[in-house]
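A short write-up of the structure that comes next.
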Amino acid sequence: MKKNENNIGDLLKQFSQEKRIKDGLTRKKVEAAWAEIMGPFISNETENIRLDKGVLRLKITSASLRQELHFSRDQIQEKLNEFLGETYVMEVIVR
C-alpha cells in the first residue's frame with residue numbers, strides 16, 4: 001500500500017464526518033434504536049420520528065400511549081443515548 005493511500009474504513013469515516021452525511025446517519029441510527037428499544041407495539045404506534053439539532057420529535061397515533069410517553073421523555077432520552085453510546089438526543093417532544 002502506498003503511503004498516501006487510505007484504507008476503506010478510514011475513507012468511510014472521513015466521508016461520514018461531512019455534516020449532511022453525518023446528520024442523515026444519525027437520524028437513521030436513532031430511528032433504528034427507537035424500534036429496538038421500544039419494541040414492536042410502540043414502534044407500530046409511532047407515525048413519525050424526526051431528529052433535528054438534538055430534538056427528537058415523535059408523532060404517536062394512540063392518545064393514551066402519547067400521554068404515557070410524554071411523561072417518560074427523560075427516560076426515553078436516556079435510554080436512546082445509552083443504547084447509541086453517544087448523546088444524540090437532547091430533548092424529546094411527543095405529539
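Nothing in this text is a laboratory measurement; each read-out follows from the coordinates by a stated rule. Predicted, not measured: the structure shown is a model, and the values here were computed from it. We place every Cβ from the backbone using ideal geometry, glycine too, and count neighbours over all the protein chains shown.
Below is a table of values for the structure above.
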{"quantity": "Whichever residue in segment 49-92 is small (Gly, Ala, Ser) and part of a loop (DSSP other than H, G, I, E, B) and, among such residues, is farthest from Ala35 (Cα to Cα)", "calculated": "Gly54"}
{"quantity": "Every pair of residues 6+ apart whose Cβ atoms lie under 7 Å, when the first sits in segment 20-44 and is among the basic types (Lys, Arg) while the second is assigned to a helix (DSSP H, G or I)", "calculated": "Lys22/Ser16; Lys29/Leu84"}
{"quantity": "Filter result (loosely packed, with under 14 Cβ neighbours inside 10 Å, polar (S, T, N, Q) and over 14 Å from the mean Cα position of the chain (by Cα)) within segment 40-71", "calculated": "Asn44, Thr61, Ser64, Gln67"}
